[in-house]
Each structure stands twice: as C-alpha cells, then as structure tokens.
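Read the structure below first, then the notes.
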Amino acid sequence: MTTREVVRIAPRFRGPAQSGNGGFVAGAVGTALAAVAADGTVPRVRLMVPPPLRLDLDLTVDANTARLTNGDSVVAEGLTVDAASLADAAIDPVGPDEARAAEASYRGLSNHPFPGCFVCGPENTEGLRLRPGPLGDGRTACTWHPADDLAGDDGLVDPVYLWAALDCPGGWTIDLDGRPSVLGQMTACIDARPPTGEPCVVMGRLLSEDGRKTHTATTLYDADGRILARAHQTWLLVDPSVFN
C-alpha cells in the first residue's frame, strides 16, 4: 500500500538559513517509513538536495521506500535496511554532569557555520538548543530536556525530534571550522520515546573520514542511562556560503 502526504518545512526547522535541518527532514521521511517497515529493519534516508523551506513537498511511502519530492526534484530518499547495521552505534555514555560540563566547550557558540540551525544553532530561539561539546577522545556530549511542544498525541516526544536530536552531536565531532559539512545520509533506530521534560544525554562519536565524506554515530540516553535511540550519519564537505 502506498501513502502520500504533504510536508512543509517551516523556517523554525532550518539548518542553513535557506534550507531544512538535515536531521529533522530525514526524521520526517524516516519516521513515516518506520511506521510501515518490516520487523528487523530500520530507515536509512539520503538527502539529495538542500531541503527547501516554505514549500509543499510530496512524501510518498510504501513498505520499503520513501521519497520526498519538490515537483520533479527528489529532495530525499529513504529505504529500509537491516537493523544490524546499527549494531555499533551505541556510544559509551557519560553522566549528565559530565555532559553539561562539555557544553561549556561547545565550539558552535562562537563560530557556527549555520547559527540558525534548529538543533544546535545559538541564534534559533525556537530550536532544540543543543550544545554538543568535545570530550577529547573523538566523542561529544550534551544534555537535552525536550520541551512540551515536541510531544506527540501520547505525550511522548515525537520521533521526528529524536531524529533531529541525533543529528548535530555527530556533526560536531568533526572540525566544522576547517571542514564545514552538512548531513548527507542518516540511518536511525528509535528504541523508546521519552516524555517531554525527561533529562536526556546525547552522545556523538567520529567514526572515519573518506575524502569529502565523514562518518559519525550518535546515541540518545535517558536519565537512567537507557538507550532511547541510535544513529549513523554521513556528512558531506561543503562551502557554507552556497547554503547561506
């Protein structure tokens, strides 16, 4: 069975100034695909072009694939992959106090390539306001207390925002000053959804670099150290001025 819906990315959910945040857009596609995917699989979403803001985009989903389009242009494509592909995505956590201390060294506070980013931009007052700071061993950490307006109908955080929270903590494991990058692909698994207000910790880890590509992983933990969600990301080296 194929379903279709219209998706419009509001400016609040931007990454660069003129396009949608990669994790949020990947989450919109991936969450719709996860709802119909077979057991033992997880969504993988590839962003094909910068997701446009303020336009009606068409999201088409079937049992194994999803496509977000703007007319004849493909914005993002999703497919299901074996959940075992995320077996190494769980990152050794730190406690909330250590994660909060790492936030003081968050490099995006003073030199952010996309300061209005919904997830980690210091200038986006409607964003998640994450501050993933380095731990000095290839990992980042930050705290997150999901706000009430992020809840779904059941009072738990809507999965699209969990995808978003898993985005930038991976990106900041990269030297974004010298290697500005945007999300190209994301594979994510939502194991459990927290209620709003739950004190969470988000971890990021640098996996490898390959030419213009950088590979990272992220993990979201609840207050008791339980894994809530995991992800892999592929980042693409870009010229920020093209996006802003």
*Any idea of the accessible area per residue across the range 72-200, 1.4 Å probe, to the nearest Å²?*
40
_Other-chain or far-sequence residues with amide H under 5 Å of Val157's (modelled H)_ = Gly152, Thr196
_HN-Hα J in Hz across the range 112-119 - Karplus 6.51, -1.76, 1.60, θ = phi - 60°, x for Gly and Pro_ = 9, x, 9, x, x, 3, 4, 7
*Which ³J(HN,Hα) values, rounded to whole Hz and listed in residue order, are derived for the range 124-138 from phi using the Karplus coefficients 6.51, -1.76 and 1.60 in 6.51 cos²θ - 1.76 cosθ + 1.60 with θ = phi - 60°, glycine and proline given as x?*
9, 6, 9, x, 6, 6, 6, 10, x, x, x, 9, x, 10, x
*With a 1.4 Å probe and every protein chain kept in, tell me what percent of the accessible surface of the chain is carbon plus sulfur.*
48
*Structure-derived Kirkwood radius over Cα pairs in Å: which label, when the choices are [x] 17.5; [y] 19.4; [z] 18.9*: [x]
*asked:* Taking 22 Å as R0, compute the FRET efficiency from the Cβ-Cβ separation of Arg226 and Asp154 and round it to 0.05.
replied: 0.75
*asked:* Just to be sure I understand the model, the point goes 7 Å from the Cα along the line to the Cβ. What's the resulting Ala90 to Thr65 distance in nm?
replied: 3.4
*Quick one: ranking Ser181, Ser208 by accessible area, 1.4 Å probe, largest first, what do you get?*
Ser208, Ser181
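The values are calculated or read from the model by the stated rules, or taken from the named source; none is laboratory data. The model shown is predicted, which means the values in this text are computed figures rather than measured ones. Glycine also receives a Cβ, built like all others from the backbone with ideal geometry; neighbour counts cover every protein chain displayed. Accessible surface is based on the protein model in full, side chains and every heavy atom, while ligands, DNA and RNA are left aside. Shrake-Rupley method; radii C 1.70, N 1.55, O 1.52, S 1.80 Å.
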